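Shown next, in structure tokens, is the structure this report addresses.
Nothing in this text is a laboratory measurement; each read-out follows from the coordinates by a stated rule. Given the structure is predicted, the values throughout are model-derived calculations rather than measurements. Here the Cβ is made from the backbone with ideal geometry for all residues, glycine too, and neighbour counts use every protein chain on show.
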Amino acid sequence: MLNFACGSRIHKDFENIDFYPINENIKKINLLQILPYNDNTFDIAYSSHFLEHLDKDNERRREIAHYYL
């Protein structure tokens with residue numbers, strides 16, 4: 001389970017990633033780049049209050065919307 005752009009919403013059973021990790025339980029990853037995981041690594045991808053921060057024309061936003069919205 002992947003929790004991307006987690007901020008302070010950390011889940012102990014998830015892989016928590018963010019631009020700016022607040023502690024050692026969060027991996028620092030640039031979410032605007034291709035994520036460093038193989039396909040099918042996670043069954044669930046969760047995020048809260050992240051997509052609205054992306055520019056409407058951002059390629060990643062379009063890709064996420066294509067697959068998940």
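Stretching TYR20 away from ASN40 to a fully extended chain increases their span by 4.7 nm, per 0.36 nm per residue minus the current alpha-carbon distance. Shape descriptor for region 1-48: Rg over Rh equals 0.92 (Cα atoms; Rh from the Kirkwood inverse mean 1/r). Between SER48 and ASN30, the simple label model (points 7 Å from Cα in the Cβ direction) yields a spacing of 2.8 nm. Scanning residues 5 or more positions from ILE29 or on other chains, those with amide H under 5 Å from its amide H are ASP18, PHE19, with H placed 1.01 Å from N in the peptide plane.
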